[in-house]
1. Mind listing whichever residues of the stretch 1-32 are among the β-branched types (Val, Ile, Thr), crowded, with 18+ Cβ neighbours inside 10 Å and in a strand (DSSP E or B)?
2. So which pairs qualify, if the first residue must be in the stretch 93-116 and farther than 22 Å from Arg19 by Cβ, the second must be of a type in the set (Lys, Arg) and assigned to a strand (DSSP E or B), the Cβ gap must be under 7 Å, and the two must be at least 6 apart or on different chains?
3. Give the residues of the stretch 63-116 that are among the acidic types (Asp, Glu) and more than 17 Å from Ser30 (Cα to Cα), sorted by residue number.
4. Which residues, counting only those in the stretch 68-92, are open to solvent by less than 40 Å² (accessible area, probe 1.4 Å), within 15 Å of Ser21 (Cα to Cα) and of a type in the set (A, V, I, L, M, F, W, C)?
5. Please give the number of the condition Asn59 fails out of (1) part of a strand (DSSP E or B); (2) surrounded by 14 or more Cβ atoms within 10 Å (Cβ to Cβ).
6. Return the residues of the stretch 43-55 that are at pLDDT 95 or above and open to solvent by 50 Å² or more (accessible area, probe 1.4 Å); say none if nothing qualifies.
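The values are calculated or read from the model by the stated rules, or taken from the named source; none is laboratory data. Computed from a predicted model, the values in this text were never measured in an experiment. Please note: Cβ atoms are built from the backbone with ideal geometry, for glycine as well, and neighbour counts cover all protein chains shown. Areas reflect the complete protein model, heavy atoms only, side chains present, ligands, DNA and RNA absent. Shrake-Rupley method; radii C 1.70, N 1.55, O 1.52, S 1.80 Å.
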Amino acid sequence: QVQLVESGGGLVQPGGSLRLSCAASGSIFSIALMGWYRQAPGKERELVAQITSSGDSTNYAESVKGRFTISRDNAKNMVYLQMNSLKPEDTAVYYCKSLTSSAIYWGKGTLVTVSS
């Protein structure tokens, strides 16, 4: 069983930055593909960024490329999302996801609000 707990969300002005963290329990973390997803009000959940188990490969949604950076620390069972140059359209609940060959786990999310 894996538990994922997100933190770091909050209210930020346009152009500002936030760093989201996802703490994972369980021994499978180091072999899991990890991702950040988001869901804005009235919209479907979408992939924001993901990172391979070793951290050597990442991919991003077009809308966040050049502004967001995903990273992970397997020694600490942590995955991060550094978000810069935030825009109002980045407002959403951000979720952490863990994927292995046998299971998918989701966190409960953390709210990011970008507003002046």
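1. Val12
2. Correct list of pairs: Ile104/Lys97.
3. Result: Glu89, Asp90.
4. Phe68, Ile70, Met78, Val79, Leu81, Met83
5. Failed condition: (2).
6. If the condition is that a residue be at pLDDT 95 or above and open to solvent by 50 Å² or more (accessible area, probe 1.4 Å), then Lys43, Glu44, Arg45, Glu46, Leu47 are the ones that fit.
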